[in-house]
Amino acid sequence: MSAEPVNPLADTDIEKLRQEMLAFARLQLNDAHLAEDAVQEALAGALKNSSSFSRKATLKTWVFSILRYKIADVLRGRYREPVQQECKDCSTDDDSYFDSAGHWQTGSAPRAWGNTDQLVTDEHFWRVFDACLEVLPGEQARVFMMREFVELDTHEICDALEIKPANLHVLLHRARLRLRACLSSSWFNAEAQ
Amino acid sequence: MMLSCEQASKLLSEAQERPLKLTERAGLTMHLAMCQGCREFGRQVSSLRDLIRRSEDHDDTQGK
């Protein structure tokens, strides 16, 4: 991949972000050193890929989701333990999009969106998009953003989150099902709600 | 063996992460030949990726 000529994040942006993260982490962890470590790791991972972020709001959302994950790990007392994270969102049987035979439920089968070429410049569309991303369950949102916005591959995401590829694939499938359903009803008016 | 829509959409999603095996592609092709919902799902999954990629190129010119 070729390097981006311009880093979308200025140093002042990063410092501001770091301060916000630190305040958040200290509050959660009640320990300045642990907070510093968690912030450092979350930032390092994110900034390595910052050239793929020109949407600052998105970067912030993502960095904070990583930070929350690290804080949760510290609080659970299994920080850095090479244990497979339990994946509460990975069971395969709670989907409302499919019937018991695995066919699309009535009203859930995707209908055509039509031409999406012009949407990229449509700010209103991106506001709806962000809103749809926000209502995804946390784990799904996190892996979707790592995959699509940071453009990490399966191996990198599984390493970072200590989950198995099979779990990742389930999470991404779920995320895409939900996101497309949300966009269909909130923007494209493609399916009945 | 016929794939269900759930399985077919899962493969369409996984195809964004890894190359599908020959047998998976064959099963998917058969399913898609007769399932419009899954064909749309596949299109929309690629549209999402395409939109996100292009939004990143576009955003710098927006000044926001």
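The values are calculated or read from the model by the stated rules, or taken from the named source; none is laboratory data. Bear in mind the structure is a predicted one, so any value in this text is a computation, not a measurement. Backbone-built Cβ (ideal geometry, glycine too); neighbour counts: all protein chains shown. Ligands, DNA and RNA are stripped out before the accessible areas are found, and what is left, the full protein with its side chains, is counted by its heavy atoms. Shrake-Rupley method; radii C 1.70, N 1.55, O 1.52, S 1.80 Å.
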When every residue in segment A:147-157 that is open to solvent by less than 20 Å² (accessible area, probe 1.4 Å) and not in a helix (DSSP H, G or I) is compared, the one nearest to residue B:53 (Cα to Cα) is A:149
Only one of A:120, A:128 is out of contact with any Gly (no Cβ under 9 Å at 6 or more places or on another chain), in a helix (DSSP H, G or I) and facing chain B (nearest Cβ under 7 Å), namely A:120
Scanning segment B:16-45 residue by residue, those without any contact (Cβ under 8 Å) to a residue 12 or more places away in the chain and under 14 Å from the mean Cα position of the chain (by Cα) turn out to be B:17, B:18, B:19, B:20, B:25, B:29, B:36, B:39, B:40, B:43, B:44
By residue number, the members of segment A:114-131 that are farther than 22 Å from residue A:46 by Cβ and of a type in the set (A, V, I, L, M, F, W, C) are A:119, A:120, A:125, A:128, A:131
**Condition met for residue A:160 (surrounded by fewer than 20 Cβ atoms within 10 Å (Cβ to Cβ), among the small types (Gly, Ala, Ser) and at pLDDT 85 or above)** = no
TODO: Kindly indicate whether any position in segment A:179-190 is touching a Ser or Thr at 6+ places or on another chain (Cβ under 8 Å), of a type outside the set (Ser, Thr, Tyr) and open to solvent by 10 Å² or more (accessible area, probe 1.4 Å).
DONE: yes
Test: residue A:111 is in a loop (DSSP other than H, G, I, E, B) and either over 21 Å from the mean Cα position of the chain (by Cα) or more than 24 Å from residue B:39 (Cα to Cα) (or both): yes
Within segment B:8-58, of all residues that are in contact with a His (Cβ under 8 Å, 6 or more places away or on another chain) and of a type outside the set (Asp, Glu), the one most open to solvent (accessible area, probe 1.4 Å) is B:10
Fill in: Residue in segment A:56-72 that is within 14 Å of chain B (Cβ to nearest Cβ), at pLDDT below 70 and farther than 26 Å from residue A:130 by Cβ present
no
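Taking the options A:43, A:9, A:75, name whichever one is open to solvent by 80 Å² or more (accessible area, probe 1.4 Å) and modelled with pLDDT of 60 or more.
Within the list A:43, A:9, A:75, the selection yields A:75.
In a loop (DSSP other than H, G, I, E, B) and of a type in the set (A, V, I, L, M) - does that describe any residue in segment A:134-146?
Yes, the conditions are met somewhere in segment A:134-146.
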Scanning segment B:3-49 residue by residue, those more than 10 Å from every other protein chain (Cβ to nearest Cβ) and part of a loop (DSSP other than H, G, I, E, B) turn out to be B:15, B:19, B:20, B:21
